[in-house]
1. Label point 7 Å out from SER142 along Cα-to-Cβ: which residues of the stretch 46-60 have amide N under 16 Å?
2. Which ³J(HN,Hα) values in Hz, rounded to whole numbers, follow from the phi angles of the stretch 17-26 under the Karplus curve 6.51 cos²θ - 1.76 cosθ + 1.60, where θ = phi - 60° and Gly and Pro get x?
3. For a Förster distance of 35 Å, can you work out the FRET efficiency between the beta-carbons of VAL87 and ALA14, rounded to the nearest 0.05?
4. Specify the residue with the greatest mean-square fluctuation among GLY219, GLY200, GLY47, computed from a Gaussian network of the chain linking alpha-carbon atoms under 10 Å apart.
5. What's the tally of Lys pairs in the chain whose alpha-carbon atoms lie under 17 angstrom apart, where the two lysines are 8 or more places apart or on different chains?
6. Working out 0.36 nm times the residue gap between SER38 and TRP270, then minus their Cα-Cα distance, what length gain in nm do you get to one decimal?
7. Could you work out how far apart the two model spin labels at LYS248 and GLU48 are, taking each label as a point 7 Å from the Cα in the direction of the beta carbon, and quote it in nm?
8. Take the chain, connect every pair of alpha-carbon atoms lying under 10 Å apart with a spring to form a Gaussian network, then pick out the residue of ARG75, ARG22, ARG106 with the largest mean-square fluctuation.
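Coordinate-derived values only; no laboratory data. From a predicted model like this one, the values you see are computed outputs, not experimental measurements. Here the Cβ is made from the backbone with ideal geometry for all residues, glycine too, and neighbour counts use every protein chain on show.
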Amino acid sequence: MRILFAGDENPYSAYALEETARLAMNTWADVILLGVSSLVPASAGGGEIREAMHEYRDKFLKHVGDKESPYAMSRWTYEWVPRRPNVWEEMLVRRGAKKDLQVRVRVGMVASEILAEAKDQETDLIVLGCGQGEQCLWEDSSPVPQKVVSEAECSVLVVKERQSFSRILACLDQSYISQDSLEMMNQMATIHGAELELVGLTQEGGLKKDVYRRLIEIGDYYEDRQLNVGTRLAEISEFESFIARELKEDLLALWMGKRSLLDRFFPREWVGRFVGKCRTSVLVMR
C-alpha cells in the first residue's frame, strides 16, 4: 500500500499526519509526505513549506516509534538525484529500514500538484486535513480537499481537525468492492475501536440482488474480524438528508467505484461539495 499525505503549515494538517501515521503502522505502507508551494522553495516565503515538511517527517517518525519502526532511517543507498534541468548527481541517501518514507515539495497549484503526485506514484490513498466547520477550506480559502476528492483516481481520506469518532457509517451501492478498500475499512475500525454500520443505498425502494448479497457478505467479513457490524437500507434520492439526520460524531465512508450509483446519480463534482460541507471526516474509496 502507498499513502500520500498532503499538508500545509496549519494545525489541521498536523492532525491528518497523526491519522496517516496510525494507518501506516497498521498497514506497513510506503509513505510520501507532500507539501505544495506556489513559490519556488528557495525564494522568499517558499521555505516555510520546507520547514513544515521537515517537522512533519520528525513527528511521523515519533508517532511510529522512530528507531524501532520499519521507517527508521537506517538504510543507506546511492541514488541519482536531479540538481537542475538536464543535470543529475549520484548522492548517498538514507532510507527507511524496511519501508520508504519520502518527503517532497512540489511547486504549482496545490490541488493539481497533489493529484499529479498521486498519479505519478500510483498512490492507493491520499490523506489530507481541513479545519472544523462546514467550509473545509485551507488557509488561503482554497477548496483543496473538495477538488482532490472530486478528481482523484484513488481513495481519499479527509480528516476534520480534532474530530474523533466511535462509529463508521459506510455506504454501499454496488456489488464490486475491492479487497484493498475492505481492508482499509478494517484498519480504520480497528485503529479507532469503532463500530461499523453498513448502509445499502437503494433506488426507488429496491436493492439489486447482487448488491444485497454483497452487503451481507461484507457484514460477515467484518464480523469474522471481531468488529461490531450493523446493516440498514437508505434511498439514494434522500441520501443527503439521510446523512444530515444520521451523521453525528462518526466517520462517513463512501464506496464510489466506476459502477457506483452515487457517481451516476450525482455529478462528479458533487462529492467534493458534499465532503466540504460534511461535519465529520470522510473516507471516499475507489
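1. Taking a point 7 Å out along Cα→Cβ of SER142, the residues of the stretch 46-60 whose backbone N falls under 16 Å are 46-50.
2. Running phi through 6.51 cos²θ - 1.76 cosθ + 1.60 with θ = phi - 60° gives 5, 4, 5, 4, 5, 4, 5, 4, 5, 6 Hz.
3. Numbers: r = 36 Å, r/R0 = 1.01.
Rounded to the nearest 0.05, the efficiency is 0.50.
4. For the chain, modelled as a Gaussian network with Cα springs under 10 Å, the answer is GLY47.
5. Qualifying lysine pairs in the chain: 13.
6. 80.8 nm
7. Between LYS248 and GLU48, the label points sit 3.9 nm apart.
8. The residue with the greatest mean-square fluctuation here is ARG75.
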